[in-house]
Amino acid sequence: MPAQFLLNLFIAFLWTLLMDTEELQLQTFVSGFFVGIGIVFLMHRFFGTQFYLKRLFSIIKLVFIFNRELATSSIVISKQILSPKLKIKPGIFTYKTKLSSEWEITTLALLLTLTPGSVVMEVNPEGDTFYIHAMDMETSKADVLRSLKKFEKAIMEVTR
């Protein structure tokens, strides 16, 4: 990945030098960078890795998924808190993940903990099972499981 980005910067720098202008312009460098993206995209199969911008788009997608889940869970939690009578049944459940690396597992645990209504209490020593506390087992367990699947898929797109 870094090799593709460095090649893209090199192409943009060459583009800037080869353009017959008297002074360096940011606009020329940016257009060279976009030309470099096209060239690197056409040549990325020779690097033996995926195109480097694909990972960037996957990271942006993960951020949007997290923000959407954060907003929806915040609305649900706000409705529960503002109701005149609190009708929640907290509980703990387990979730077996498909993620394998420490970075992936940590990211999933942090993303889930940051969304309101659920907390990752512990991860087993093998790193494949989460113990999750949900604020309301009847209504939010399904939502937490749906969020976990979305996060897991997006994290795999970023790391693999």
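The values are calculated or read from the model by the stated rules, or taken from the named source; none is laboratory data. Note that the structure is a prediction, hence the values are computed from the model and not measured. Every residue, glycine among them, receives a Cβ derived from its backbone with ideal geometry; neighbour counts consider all protein chains shown. Calculation scope for accessible area: heavy atoms of the full protein, side chains included, ligands and nucleic acids excluded. Shrake-Rupley method; radii C 1.70, N 1.55, O 1.52, S 1.80 Å.
Points to keep in mind about this one:
- One residue from 99, 56 being modelled with pLDDT under 90 and closer than 30 Å to residue 4 by Cβ: 56
- Any hit, segment 30-48, residues being hydroxyl-bearing (Ser, Thr, Tyr) and part of a helix (DSSP H, G or I): yes
- For residue 100, the stated conditions hold: it is over 23 Å from residue 135 (Cβ atoms) and polar (S, T, N, Q).
- Checking residue 25 against (1) touching a helix residue (DSSP H, G or I) at 6+ places or on another chain (Cβ under 6 Å); (2) more than 25 Å from residue 157 (Cβ to Cβ), the condition it does not meet: (1)
- Pick from segment 105-142, criterion in contact with a Phe, Trp or Tyr (Cβ under 7 Å, 6 or more places away or on another chain) and of a type in the set (D, E, K, R), ranking: least open to solvent (accessible area, probe 1.4 Å): 141
- Hey, residue 106 closer than 30 Å to residue 5 by Cα, of a type in the set (Val, Ile, Thr) and modelled with pLDDT under 95 or not: yes
- Qualifying residues in segment 5-48 (those that are closer than 30 Å to residue 107 by Cα, of a type outside the set (A, V, I, L, M, F, W, C) and open to solvent by less than 60 Å² (accessible area, probe 1.4 Å)) - the one modelled with the highest pLDDT: 8
- Hits in segment 32-64 - residues which are out of contact with any helix residue (DSSP H, G or I) (no Cβ under 7 Å at 6 or more places or on another chain) and of a type in the set (Ser, Thr, Tyr): 49
- Positions within segment 101-126 being under 18 Å from residue 150 (Cβ atoms), in contact (Cβ under 8 Å) with a residue 24 or more places away in the chain and of a type in the set (S, T, N, Q), in sequence order: 107, 115, 118
- All conditions but one from (1) in a helix (DSSP H, G or I); (2) open to solvent by less than 50 Å² (accessible area, probe 1.4 Å); (3) under 30 Å from residue 110 (Cβ atoms) apply to residue 55; the one that does not is (2).
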